[in-house]
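Asker: Quick one: this structure, given as structure tokens, is what I'll be asking you about.
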Amino acid sequence: MPDTPPSAPRPRVVIAGGGIAGIEAVLALRAFAPDLLDVLVIDPGRHFRIPSTAMGRAFGIGPQGDVPLAELVERAGAEFRRARLVAVDADRRTAMLAGGELVVFDHLLVAVGARREPYLSEALAFRGHEDADAVLPLVDDLVARASRGARRTLAVVVPPGVEWSLAAYELALLARRHLWSAGIGRIVRVVVVTAEPAPLAVFGQEATAGVRSILRRSDIELVCGAEVTDWRWGRLDLAVGEPLAADRVICLPVLRGPAIEGLPADARGFHRTSADGAVPGRPGVWVIGDGGSFPLKQGGIACQQADAAAASIARAAGALIEPIPFRPVVFGWIWDGAVGRMMRARLGEALFGVDEGRGLGPPSPEDKVSGRFLTPFLHALGEERERIEAGVPAS
């Protein structure tokens, strides 16, 4: 009886980063090329967190639990290894991990994100979940001081170069809501000071007009086109204009790229890529999400890059799938504790949708993710957790 020839090994896809873009890529690969690829996710973290839920977390709104990352990756259909990518040799299709371990790949997706660095040294730098627990004590300190009769000001600052600023407006809205609930809404001023020409300018004129209206109704002051240079002695110094009073400051961070050895990068460490994340001169390597050179750093954009890259990899593995062109659409949900507003726009075009939902309660974590595969995946996991907590048997 003739010997059966051994089957060829399946191409190996290594995904560095277990955040939104990384998990979206796993799910897209499984959808586009089932059983054609081996997928390994490497990430040093232990939990999966949705970045856009950090503002609600700061004020105790919404679910506070984090999903174990290893479990999530396994459920998505990939192998997981707790490690950190430090260097890439694209010619040898080899990645080096912290500690020196080498991992061979056929395709590499780098989705490690950007480094978030404080902009104002003495302000609270709100980088996301890691700083969420510090926000409420800061606001409550203002509550205590204002309760003794002194008028106070809370400033939320958007530094120059930050194009995705939604977190600043949501923090201001939630802080205002908390101040009103404490009974001192008229004593504490809340002001957003932004280097943007208009609030959330990336969404277009209709959306920015809507945001202005939201802030005005919430009694939040807005200063646009203001580059803050320093905060000291209770005032924000500006590059142009008179200083602004500010007793406490929450400031969004500035971003720096990951600057992984072996991949071309600009002076700020962001890796040079085409719009969809492909790295020129490095066949089989993509950098998707905040670590790449695409100017808008936002989770939905990262997911769209992940889908485009996954389709290219699936085609290379023999899957019958058409290429997915990268046509970036940006989504955002502002939550002020009472009203949720979803906005979306195709970059470079007019705004084509603004939806409002009143009295619906806080959005679920999954509502703040705009991944083609990740959003329904997280919804399904959330429903499964709810059934387990309620003691309802699986159908």
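Values in this text are rule-based calculations from the coordinates and carry no lab data. All figures in this text were calculated on a predicted structure; none of them were measured in a lab. Note that each Cβ is placed from the backbone with ideal geometry, even for glycine, and that neighbours are counted across all protein chains shown.
Asker: Evaluated at 20 °C with a viscosity of 1.002 mPa s, what Stokes-Einstein diffusion coefficient in µm²/s does the range 118-254 have when Rh comes from the Kirkwood expression over alpha-carbon pairs? Before the final figure, lay out each step's value.
Answerer: Values: Rh = 14.9 Å.
D, rounded to a whole number, is 144 µm²/s.
Asker: I've got another one for you. Give me the Kirkwood hydrodynamic radius of the range 58-104, using the inverse of the mean 1/r over all pairs of distinct Cα atoms, in Å to one decimal. Please list the in-between numbers first.
Answerer: On the way: mean 1/r = 0.0746 Å⁻¹.
One decimal place: 13.4 Å for the Kirkwood radius.
Asker: Within a 10 angstrom radius of the beta carbon, how do TRP180, TRP233, TRP164, TRP286 rank from fewest other beta carbons to most?
Answerer: Numbers: TRP180 15, TRP233 7, TRP164 22, TRP286 29.
By the 10 Å Cβ count, ascending, the order reads TRP233, TRP180, TRP164, TRP286.
Asker: For the range 158-254, what does the relative contact order come out to in percent, with C-alpha contacts under 8 Å and a separation of six or more?
Answerer: Numbers: 136 pairs, mean separation 29.1, N = 97.
For the range 158-254, the relative contact order is 30 percent.
Asker: Using the 10 angstrom Cβ neighbour count as an exposure proxy, how do LYS368, LYS297 rank, fewest first?
Answerer: Working: LYS368 27, LYS297 19.
Arranged by neighbour count, lowest to highest, LYS368, LYS297 become LYS297, LYS368.
Asker: Run the numbers on the chain and let me know its relative contact order in percent, using alpha-carbon pairs under 8 Å that are six or more apart. Walk me through the numbers on the way to the answer.
Answerer: Numbers: 825 pairs, mean separation 73.4, N = 395.
Across the chain, relative contact order equals 19 percent.
Asker: Which one is right for this structure if mean projected area of the Cα convex hull in nm² is calculated from it: (i) 29.8; (ii) 19.5; (iii) 24.2?
Answerer: Computing mean projected area of the Cα convex hull in nm² and matching it to (i) 29.8; (ii) 19.5; (iii) 24.2 gives (iii).
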